[in-house]
Amino acid sequence: MSDLRVSNLRGRTVGSSPSLPDGLNVTGGISTTGKLVVNNSTQSTSTTTGALVIGGGVGIAKSLHVGGNVSVGGTLTYEDVTNIDSVGIITARDDINIVTDNKKLNIGAGADLSLYHSGTHSFIEDSGTGSLKIRGSVVELSGTNAAQMMLATENGSINLYYNGSKKFETTSGGVKVTGQETSIVTAVSGTAID
């Protein structure tokens, strides 16, 4: 096999770049101490399209700046990354897993709303100055066995349940209580009666 050693490769006219209309095939490595510029503006829609197609892995020792979209067909793994900063919207098409106890999903400029698991209990925590508001046309609290504990309907009743069985219901005329307790204390206009 013959070697071709070139100190300089120039175009036909002064100041122009060499033209390789049939392309350039290299079976070995390419090393450059300068900048490698690809001026082709072809968009990439797959692993085999675009201005630069690489069949193997890519090792990058320093930062990477991407001016357009990034599509990842496999798993995106962050190693030794403590923060991910997004200026725009992050869309997750599957679960978001926080696999360590006491690590919080914080929402708000002052992290006023937190969602986390302590290892023993799960928390929705509001530490801001306003109220924690839960809104819905129908709001239901149920146990892990799906048994209802509370059901509140917009412009309608609020029902309380014991072991899935309705015991207390608000109505337009007052309340309905199912069953009987041995001792009932009711407050009417601030006066307690037995």
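By accessible area, using a 1.4 Å probe on protein heavy atoms only, the chain has 50% of its surface on carbon and sulfur.
Once Rh for region 1-59 is found with the Kirkwood sum over Cα pairs, what is the Stokes-Einstein diffusion coefficient at 10 °C and 1.306 mPa s, in µm²/s? After rounding, the answer is 108 µm²/s.
A 1.4 Å probe run over the chain, with the rest of the protein chains in place, finds 95 Å² accessible per residue.
Judged by the ratio a/c of the largest to the smallest principal axis of the C-alpha gyration tensor, region 124-172 counts as oblate, that ratio being 1.5 or greater while a/b is no larger than b/c.
Can you return the lysines within cross-link range of residue 35? Criterion is Cα-Cα under 25 Å, with same-chain partners fewer than 8 residues away left out. Candidates past the 8-residue exclusion: 62. In terms of its C-alpha gyration tensor, region 25-76 comes out rounded, because the ratio a/c of the largest to the smallest axis stays below 1.5.
Specify whether the C-alpha gyration tensor of region 49-135 places it in the rounded, prolate or oblate class, a ≥ b ≥ c being the square roots of the eigenvalues: rounded for a/c under 1.5, otherwise prolate if a/b is larger than b/c and oblate if not. Prolate is the answer for region 49-135, as a/c is 1.5 or above and a/b outweighs b/c. For the peptides 152-158, 111-117, the ranking by mean Cβ contacts within 10 Å, running from highest to lowest, is 111-117, 152-158. Under 5 Å from the amide H of residue 156 lies no amide H of any residue 5 or more positions distant or on a separate chain, with H modelled from the backbone and absent for Pro and chain starts.
Dipole magnitude for region 1-84: about 380 debye, using +1 per Lys or Arg Cβ and -1 per Asp or Glu Cβ, origin at the Cα centre. Ordering 172, 34, 21 by the projection of their Cα atoms onto the charge dipole of the chain, which places +1 on the Cβ of Lys and Arg and -1 on the Cβ of Asp and Glu, puts 21 at the extreme positive end.
Computed over the Cα atoms of region 1-151, what is the convex hull's projected area averaged over all directions, in nm²?
18.5
3J(HN,Hα) couplings calculated from phi for region 72-79 with the Karplus curve 6.51 cos²θ - 1.76 cosθ + 1.60 (θ = phi - 60°) are, in sequence order, 10, x, x, 8, 9, 10, 9, 10 Hz; Gly and Pro show x.
The values are calculated or read from the model by the stated rules, or taken from the named source; none is laboratory data. Fair warning: this is a prediction, and the values are worked out from it, not measured in the lab. Every residue, glycine among them, receives a Cβ derived from its backbone with ideal geometry; neighbour counts consider all protein chains shown. SASA here: full protein model, heavy atoms, side chains in, ligands and nucleic acids out. Shrake-Rupley method; radii C 1.70, N 1.55, O 1.52, S 1.80 Å.
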